[in-house]
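A.B. asks: Input: one structure, supplied below.
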Amino acid sequence: QVQLVESGGGLVQPGGSLRLSCAASGSIFSIYYMRWYRQAPGKQREFVATISNSGSIAYADSVKGRFTVSRDNAKDTAYLQMNSLKPEDTAVYYCNADGSWGSSWGQGTQVTVFS
C-alpha cells in the first residue's frame, strides 16, 4: 500500500504560479506511475499529467506548455509546477499512484484562480 498527501494549493490571480507536491509513503518502491488529476465543481475528474518511474511524461492538452510534472525519487515526492494559471484551472487537484498493490489517491488540494 502507498499513502499520498498533497499540498501546495491556494489562491492565485490569473497568470500566477503554484507548485503542488505529492508525498508518498509506504511501499514506494512498487510505484509505476504518479499522476495528477483535477475536478472542478460540477465536472468529472480529469487527467492532468503523469510521470512514470522511468521518467516518461504526458500532459493533458489543456495544460501543455504551462504545467510541468516532476518526481524526486529521493524524497518520494511528485510535483506539479503550474504557471500561467487561468480561472478554468480552478479545481481540486488529486495525486494518484499506480503500482503493484493497485492504485492510491490523495485527499486533494484546492487551487483557486481568481481576478
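A short reminder: the numbers here are calculations on the coordinates, not readings from a lab. Quick caveat, the model's predicted, so the values are computed rather than measured. Counting neighbours? That spans all protein chains shown, and the Cβs are built from the backbone with ideal geometry, glycine included.
A.B. asks: List the trypsin sites (Lys or Arg not before Pro) in the stretch 27-115 that DSSP assigns to loop (not H, G, I, E or B) and whose Cβ has at most 11 other Cβ atoms within 10 Å. Which are they?
C.D. replies: Answer in residue order: Lys43, Lys64, Lys75.
A.B. asks: Let me ask you something else. Among Ser56, Ser21, Ser70, which one shows the biggest mean-square fluctuation in a GNM of the chain, springs joining Cα atoms closer than 10 Å?
C.D. replies: Sorting by GNM fluctuation, first place goes to Ser56.
A.B. asks: Please work out how much length the chain gains when fully extended from Ser54 to Ala40, using 0.36 nm per residue of separation minus the C-alpha to C-alpha distance, in nm with one decimal.
C.D. replies: Using 0.36 nm per residue and subtracting the Cα-Cα distance, I get 2.0 nm.
A.B. asks: Using the charge dipole of the chain (Lys, Arg: +1 at Cβ; Asp, Glu: -1 at Cβ; taken about the Cα centre), state which of Cys95, Phe67, Gly55 has its Cα farthest towards the positive end.
C.D. replies: Phe67
A.B. asks: Another one. How high is the relative contact order of the chain, given as a whole-number percent (alpha carbon pairs under 8 Å, six or more residues apart)?
C.D. replies: On the way: 284 pairs, mean separation 43.6, N = 115.
Result for the chain is 38 percent.
A.B. asks: Roughly speaking, what is the stretch gain from Asn83 to Ser25, that is 0.36 nm per residue apart minus the C-alpha to C-alpha distance, in nm to one decimal?
C.D. replies: Answer, rounded to one decimal: 18.2 nm.
A.B. asks: Here's something else I'd like to know. Using each residue's phi in the stretch 16-26, evaluate 6.51 cos²θ - 1.76 cosθ + 1.60 at θ = phi - 60° and report the 3J(HN,Hα) Karplus result to the nearest Hz, with x for Gly and Pro.
C.D. replies: x, 10, 9, 10, 8, 10, 9, 8, 9, 9, x
A.B. asks: Could you check what % of the DSSP bridge pairs in the chain are antiparallel, to the nearest 5?
C.D. replies: If I count the DSSP bridges inside the chain, around 95 percent turn out antiparallel.
A.B. asks: Treating only the Cβ of Lys, Arg, Asp and Glu as charged (+1, +1, -1, -1), what charge dipole size does the chain show about its Cα centre? Round to the nearest 20 debye.
C.D. replies: I would put it at about 140 debye.
A.B. asks: Lysines near Lys86 by alpha-carbon distance under 18 Å, same-chain residues fewer than 8 away left out - which ones?
C.D. replies: Lys43, Lys64
A.B. asks: Tell me, what is the percent relative contact order of the stretch 28-75, built from C-alpha pairs under 8 Å that lie six or more residues apart?
C.D. replies: Relative contact order here is 27 percent.
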